[in-house]
Amino acid sequence: MSVLLEVQNLKKYFNTPKGVLHAVDGVSFKLERGKTLGIVGESGCGKSTLGRTIIHLLDSTEGKILFEGKDITHPTKKELKILRREMQMIFQDPYSSLNPRMTVERIIAEPLLIYKQYDSKEETYKRVRELMDIVGISPRFADSYPHELDGGRRQRVGIARALALEPKLIVCDEPVSALDVSIQAQILNLMQDLQEEFGLTYIFITHDMSVVKHISDNILVMYMGIPFEFAESKELFKKHYHPYTKALLSAVPIPSIKYKKKPILIKGEISSPINPQPGCRFALRCPYKQDVCLQQDNPLVELSPNHFVSCARAREVNDV
Amino acid sequence: MKEKLLEINNLTVHYVVENEVVQAVNNVSITLNRGETLGLVGETGAGKTTLALSILRLLPDPPGRIADGEIIFNGKDLLKCSDKEMRKIRGEKISMIFQDPMTSLNPVLTVGEQISEMIRLHRKVSRTESTRLAVEALESVGIPGERYLEYPHQFSGGMKQRVVIAIALACNPELLIADEPTTALDVTIQAQVLNLMMNLKKEKNTSLILITHDLGVVAETCDKVAIVYAGEIVEYGTLEHIFNNPSHPYTVGLFGCIPNLYQDVKRLKPIPGMMPNPTDLPVGCNFFERCSSRMDCCKEKKPATIEVEPGHLVKCFMAGEELTGR
Ligand SMILES: Nc1ncnc2c1ncn2[C@@H]1O[C@H](COP(=O)(O)OP(=O)(O)OP(=O)(O)O)[C@@H](O)[C@H]1O
Ligand SMILES: Nc1ncnc2c1ncn2[C@@H]1O[C@H](COP(=O)(O)OP(=O)(O)O)[C@@H](O)[C@H]1O
Ligand SMILES: [Mg+2]
Ligand SMILES: [Mg+2]
């Protein structure tokens with residue numbers, strides 16, 4: 001298996017009136033071709049910022065991004081143009097990301113026209129029809145406008161547009177969060193089918209643990225810009241070493257009355273990472289907090305094979 | 001014998017927009033006992049909020065109109081109450097929590113004042129006493145009393161939602177209606193808020209109608225469940241009925257749609273298609289188009305409600321079939 005994307009110690013800071021906001025603060029991972037990396041965490045933890053920085057919608061503050069082995073951290077204009085077609089994004093709210101004045105057909109054609117993919121209009125629109133077929137939108141919607149479509153179909157349009165230029169990597173930012181579960185399942189299945197058919201690699205951003213478990217090969221748990229835990233999906237749901245991951249997973253309501261579990265209630269909530277102090281950013285809410293937690297930053301450590309945790313007391317707490 | 005608090009009979013609610021009639025709630029019947037929690041589950045547009053607003057008589061009118069039915073609360077039909085009586089009931093006897101906490105908080109008043117104002121509106125107490133009660137209410141939802149003088153924008157989403165809960169519970173209502181109270185919150189905060197709501201509810205023996213689309217939340221909080229589809233209750237029963245023996249194809253479908261944390265499935269089983277347009281409901285079963293067990297008769301007429309086991313109601317022809325050993 002070959003690595004498509006590698007991110008090394010990636011950081012994205014924003015200057016705000018109150019100080020420097022560490023939205024993404026040292027994320028590293030490797031993502032293999034054809035696989036899905038799930039990124040989970042609560043609102044404001046930096047998931048979208050990470051995704052946008054990787055595909056160069058935002059400039060990184062520090063760190064490296066390697067795509068197909070090549071350093072693309074600071075691409076030239078020409079390189080960026082190529083990258084823009086190889087990396088695409090699908091958004092949570094397809095409504096605000098689709099031009100309301102364009103028809104479905106035109107929206108999907110847009111990237112093909114910008115990149116002058118075909119010589120003739122006929123060829124372009126033939127490809128558009130093909131894309132509509134691939135994502136399951138009936139041709140009778142070709143002349144509809146986004147507001148005339150329901151959420152599920154709008155998301156299909158967003159997916160068709162992302163697929164148009166045959167990208168290698170797609171960053172999916174909460175693509176099903178706004179959909180009802182019956183429609184959500186339709187879209188998740190479609191995304192899995194497309195991945196298989198076109199060998200796509202996904203970064204799948206979500207705050208829904210059940211969805212991320214279902215769709216991902218590997219999962220990265222983030223908290224206030226910091227990667228807290230990284231493991232294979234199956235492994236992570238069996239063993240979670242970080243006290244935050246434990247709390248997060250225990251808080252997920254299970255749609256079954258057979259598993260009665262008590263959520264680990266943690267106090268307080270995620271605060272904004274402006275001028276953060278050194279030490280673990282979860283410490284103030286953590287039931288296992290000791291002085292050592294605030295004394296130093298904690299890099300990701302491989303606690304068991306291919307399972308990484310950033311917690312000063314991980315060994316003690318988990319008895320490993 | 002449990003004491004009945006709310007009984008809704010054959011409620012039908014329409015919105016009339018530009019010569020079209022949106023059939024938002026169709027012939028819905030519900031009973032709720034004191035201290036019980038009823039979960040109303042269904043997808044967007046199923047009619048959950050409309051049902052809740054009807055109970056409080058807060059439907060936007062026009063276009064909303066209660067076409068038929070009765071809502072008996074404490075033995076009294078709310079649909080026959082005067083506006084004045086209704087104002088007294090709202091807040092004093094029945095409170096509602098809306099999905100977005102910001103819509104129910106006033107941005108220019110401190111959170112403390114908002115709670116104490118609510119108390120003074122419904123109880124004859126002095127200003128000092130209402131302030132004391134408001135501080136108590138804040139602390140009951142885990143917010144330190146000294147934050148009384150802060151404004152909503154100084155609070156995070158979870159804290160704001162807790163203030164909304166404090167306001168809703170300040171007057172000890174007998175019935176609390178919560179419309180997706182935690183949908184906008186992160187799971188760890190959701191766990192805090194649900195835990196708090198359930199504790200307060202238990203303490204005061206409040207009845208609760210919890211509107212949600214999350215079957216996980218239902219499993220953790222509800223005693224009874226109503227599955228709503230295209231304005232109808234297609235299945236109704238105790239938590240055990242719905243989770244151990246889901247009997248309407250839509251309910252069964254819902255369970256197949258959600259990825260499970262404790263079970264690996266390679267592929268989800270989506271329900272194909274979409275909910276029918278409520279301005280143009282079919283003659284037969286509303287779920288016909290999407291149903292995997294449909295029969296010819298389902299297209300021609302609407303199924304009646306069948307009691308498949310005591311207290312477990314299902315609106316489906318198949319449900320009866322199964323009972324007779326299909
Ligand atoms: N353009 C910006 N300027 C300043 N701060 C920003 C900007 N964009 C994001 N942030 C901040 O960066 C942090 C991470 O935000 P981000 O949107 O990446 O979070 P997220 O994990 O995607 O959250 P959500 O689940 O709510 O989408 C937040 O504190 C946010 O307020
Ligand atoms: N003010 C309104 N005017 C017209 N139609 C409405 C109005 N409010 C809701 N509806 C319609 O009524 C139906 C039920 O909506 P609602 O009660 O909000 O469902 P839910 O809360 O289950 O999502 C939907 O078809 C919706 O579009
Ligand atoms: Mg985001
Ligand atoms: Mg609603």
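A few points about this structure:
- Gap separating the Cα centres of region A:1-26 and region A:200-224, nearest whole Å: 18
- Distance from the alpha carbon centroid of region B:43-106 to that of region A:59-105 works out to 47 angstrom.
- Computed with a 1.4 Å probe on the full set of protein chains, the accessible area for A:SER2 sits at about 50 Å².
- For the peptide B:246-257, the mean number of other protein chain Cβ atoms found within 10 angstrom of a residue's Cβ is 2.
- Across peptide A:121-128, the average count of Cβ atoms from other chains found within 10 Å of a residue's Cβ is 0.
- In the elastic network of chain A, a GNM with C-alpha springs shorter than 10 Å, the most mobile of A:GLU196, A:GLU229, A:GLU86 is A:GLU196.
- Point-to-point label distance, A:ASP71-B:THR279, nm (Cα→Cβ direction, 7 Å offset): 6.0
- With the convex hull drawn around the C-alpha atoms of the protein assembly as shown, the volume per residue stands at 188 Å³.
- Cβ-placed point charges (K, R +1; D, E -1), dipole of region A:142-294 about Cα centre in debye, nearest 20: 980
- Cβ-derived FRET efficiency at R0 35 Å, A:VAL301 paired with B:THR128, nearest 0.05: 0.05
- Most tightly packed first, judged by the mean number of other beta-carbon atoms within 10 Å of their residues, the peptides B:277-284, B:165-172, A:309-316 read B:165-172, A:309-316, B:277-284.
- Peptide A:262-272 has a mean shielding of 4, counted as Cβ atoms of other protein chains within 10 Å of each residue's Cβ.
- Considering only A:MET209, A:ALA251, A:LEU190, the residue lying farthest towards the positive end of the dipole of region A:180-256 is A:ALA251, judged by Cα position with unit charges set on Cβ.
- Amide N of region B:82-98 lying under 11 Å from the label point, which is placed 7 angstrom from the Cα of B:ASN205 along Cα→Cβ: none
- Gaussian network model of chain A, Cα within-10 Å springs - most flexible of A:SER256, A:SER182, A:SER97: A:SER256
- Sparsely packed chymotrypsin sites (Phe, Trp or Tyr not before Pro) within region A:227-283, loop by DSSP, other Cβ within 10 Å at most 14: A:TYR259
- Convex hull volume per residue for region B:222-326, taking Cα atoms only, in Å³: 122
- Qualifying trypsin sites (Lys or Arg not before Pro) for region B:194-269 [loop in DSSP, other Cβ within 10 Å: at most 12]: B:LYS266, B:ARG267
- About the centre of its Cα atoms, chain B shows a dipole size close to 520 debye [charges on the beta carbon of Lys, Arg (+1) and Asp, Glu (-1) only; nearest 20 debye].
- Summed side-chain charge close to A:SER216 - residues other than A:SER216 whose Cβ falls under 11 Å, Lys, Arg +1, Asp, Glu -1: +1
- About the centre of its Cα atoms, chain A shows a dipole size close to 540 debye [charges on the beta carbon of Lys, Arg (+1) and Asp, Glu (-1) only; nearest 20 debye].
- Protection-proxy order for peptides A:294-306, A:58-70, each taking the mean of Cβ atoms within 10 Å per residue, highest first: A:58-70, A:294-306
- Computed over region B:267-323: relative contact order in percent, which uses C-alpha pairs under 8 Å that are six or more apart: 24
- Exposure rule at most 13 other beta-carbon atoms within 10 Å, DSSP loop GluC sites (Glu not before Pro): chain B longest free segment: B:19-326
- Based on DSSP H segments of at least four residues, each scored -39500 (n - 2.57), the protein assembly as shown has a per-residue ellipticity at 222 nm of -10000 deg cm²/dmol.
- Angle in degrees between helix A:104-114 and the longest Cα principal axis of chain A, rounded to the nearest 10: 90
- Dipole-positive endmost among B:ILE167, B:ASN9, B:ILE97 within the protein assembly as shown (Cβ charges, Cα centre): B:ILE167
- Computed over chain A, Cα set: Rg, Dmax in Å: 20.7, 68
- Dipole orientation for the protein assembly as shown: of the candidates A:PHE282, A:MET222, A:SER177, A:PHE282 has the Cα lying most toward the positive pole (charges on Cβ; Lys, Arg +1; Asp, Glu -1).
- For the residue pairs A:LYS261/B:LYS93; B:LYS2/B:LYS76; A:LYS12/A:LYS77; A:LYS246/B:LYS269, the alpha carbons lie more than 27 Å apart in A:LYS261/B:LYS93; A:LYS246/B:LYS269.
- Among the listed pairs A:LYS11/A:LYS126; A:LYS267/B:LYS266; A:LYS238/A:LYS267; B:LYS201/B:LYS266; A:LYS213/A:LYS260, those whose Cα-Cα separation exceeds 30 Å are A:LYS11/A:LYS126; A:LYS267/B:LYS266; B:LYS201/B:LYS266.
- Amide N of region A:133-173 lying under 17 Å from the label point, which is placed 7 angstrom from the Cα of A:SER2 along Cα→Cβ: A:167-170
- Rounded to the nearest Hz, the phi-derived 3J(HN,Hα) couplings of region A:252-268 under the Karplus curve 6.51 cos²θ - 1.76 cosθ + 1.60 (θ = phi - 60°) are 6, x, 9, x, 7, 9, 7, 9, 8, 10, 9, x, 6, 7, 9, 7, x, where x marks glycine and proline.
- For a modelled paramagnetic label at A:LYS238, 7 Å from Cα along Cα-to-Cβ, the residues of region A:15-53 in reach, with backbone nitrogen under 20 Å, are A:36-38.
- The simple spin-label model puts a point 7 Å past each Cα toward its Cβ; for A:LEU113 and A:SER96 those points are separated by 2.5 nm.
- Gaussian network model of chain B, springs between alpha carbon atoms under 10 Å - residue of B:ILE94, B:ILE306, B:ILE115 with greatest fluctuation: B:ILE306
- Using C-alpha pairs under 8 Å with a sequence gap of at least 6, the mean separation divided by the residue count of chain A gives a relative contact order of 21 percent.
- Contact order, relative form, for chain B: 19 percent (alpha carbon pairs under 8 Å, 6 or more residues apart, mean separation divided by residue count).
- Region B:152-291 shape via C-alpha gyration tensor axes, a/c threshold 1.5: prolate
The values are calculated or read from the model by the stated rules, or taken from the named source; none is laboratory data. What you see is a predicted model; the values in this text were computed from it and never measured. Cβ atoms come from the backbone with ideal geometry, glycine included; neighbour counts cover every protein chain shown. For the accessible areas, the whole protein counts, side chains as well, though only heavy atoms, and no ligand, DNA or RNA atoms are used. Shrake-Rupley method; radii C 1.70, N 1.55, O 1.52, S 1.80 Å.
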